[in-house]
1. Within segment 106-127, is there a residue that is crowded, with 17+ Cβ neighbours inside 10 Å, closer than 20 Å to Ile206 by Cα and under 22 Å from the mean Cα position of the chain (by Cα)?
2. For segment 211-236, how many residues meet the condition of being in contact (Cβ under 8 Å) with a residue 24 or more places away in the chain and within 8 Å of the ligand (Cβ to nearest atom)?
3. Select from segment 178-219 the residues that are of a type in the set (S, T, N, Q) and modelled with pLDDT of 85 or more and list them in ascending order.
Amino acid sequence: MVGSVSLYDSGIIDVNYGSASLRLFSARDSLWADWIRNNKIKDSVFWSIDEKKTTSWTWKSLLHLRPLARRFIRCNVGSGIKASFWFDWWTPFGPLIDFLGDSEPAQTGIPLKGSVANACSMTGWRLRPARSPQAELLHFHLTTLHLPASSIVDDSYFWRIEDIDLEAFSTKKTWEAIRHRQQPLSWASQVWYKGAIPRHTFMMWIVFLNMIPTRTRLASWGMQIDTTCCICGIHSETRDHLFLHCEFSEDLWVEATRRLGYRSFVFHTWEAFSAWLDIKDSTSTQTVRRLVSQTVIYTIWTERNNRYHNNVITPVHVLFKKLDRQVRDAILAKRHQRKFNHLMQSWLRFI
Ligand SMILES: [Zn+2]
C-alpha cells in the first residue's frame, strides 16, 4: 500500500520528481516549469546537464533522478523543433544516444544538442550513411515517419508505463511500476554469451525483444503497408513466422539442426526455440547451438532485406554454405577459448 510507506521512502520522492520532470516538458501554464526552462535549462538539453555543476539542492535532486524519469517520458514528434534528437525517447529504440552509442553524434553529423528538426529538411533526413546494424535499423525506421520539417504541430510529451500511454502523470501507477522492478530477462544468457559474434548477437537481441521491424510491426506503428511475408508472399510477416515458420526458414533450420547432430526438426513456437537454446544435452554444446542459431537468424534477416530492398533472391543451399563458412570462421577465430576448442570437430561431424 502506498499509504503505508514513509514519505521519506525514496520511491515516493522519486515518483514526485517524476511528475516534475514531465511538467518540465509538457506544461504550458506552469510558472515553475517556465522559470526552470528559462533559468536552469536555457539552451542546454535537460537530459545532458552536468548535475555536479549545479549548486541548488532541489535542482540537483531533480537532475539526479533523470534516469528514472527517462524510463517513462516519451516524445511524440511533430515539427521536431523541441525534441532532442539524441536524448528524447522518440523512436521505438529508446534515446538514440544509448541505442547508437557516444561516438555516433560525430559520425552522423547531428550535434549533441541537435533537435529532431536539425536532422531533416523538407526533402529528407540528413544523416550520413549507416555504419552499424543499429544505425541501419534507425535509418529504416526514419523512412517510415512523416518528415517533421513538413509538420506545423508542436512536439508533445507523455508518460508511458508498461506500454500504456497516460494522458496525465499518475503517482500511483508510476509507484507500482517502480516498486515491482522487472525481473532479469530469462533469455538474456541465450543471447549474450562469451565469444559471440557482436552483429549476430545484436540482431538476436532485437529479435528476442520482438522489436525487429517486420512488416506487421511496421503496420502496428501506423505505416500503410502490405503485411505479407517478403519471402513466401503467403503468410503475415510476424517475427515467429519469418524466423521459424516460413518455408525458407524451416529449410535452414532443418539443415542447421541436422549439422548439429539432431534428427532434423523445426520449432513450433518461439518459447520452444528459446527452451532449446537453454537445455544441456550430449548432442551439441550450448555454445555451438547459440553460435549457429544466431547465424541462422542473421542469415534469414539479411536474405529478407535483400529480397525486400534489392529484389535479389539467394537459394537456401547457397545461403547455408555462407552460413557454414561464417560458423567455421567464428570457431577458428575463437579456437583458443576453452568453450570453442572442440567446436570445429562437432560442427564438421555431420557434413
Ligand atoms: Zn513467409
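1. Among the residues of segment 106-127, not one is crowded, with 17+ Cβ neighbours inside 10 Å, closer than 20 Å to Ile206 by Cα and under 22 Å from the mean Cα position of the chain (by Cα), which makes the answer no.
2. Residues that pass the stated criteria total 2.
3. Thr201, Asn210, Thr214, Thr216
This table checks each residue for (1) within 16 Å of the ligand (Cβ to nearest atom); (2) surrounded by fewer than 16 Cβ atoms within 10 Å (Cβ to Cβ).
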residue	(1), (2)
Cys246	yes, no
Ala256	no, no
Arg263	no, yes
Asp281	no, yes
Val288	no, no
Pro315	yes, yes
Leu319	yes, no
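The values are calculated or read from the model by the stated rules, or taken from the named source; none is laboratory data. Bear in mind that the values here come from a model prediction, so they are computed numbers and not experimental data. As a convention, Cβ positions derive from the backbone with ideal geometry for all residues, glycine included, and neighbour counts pool all protein chains shown.
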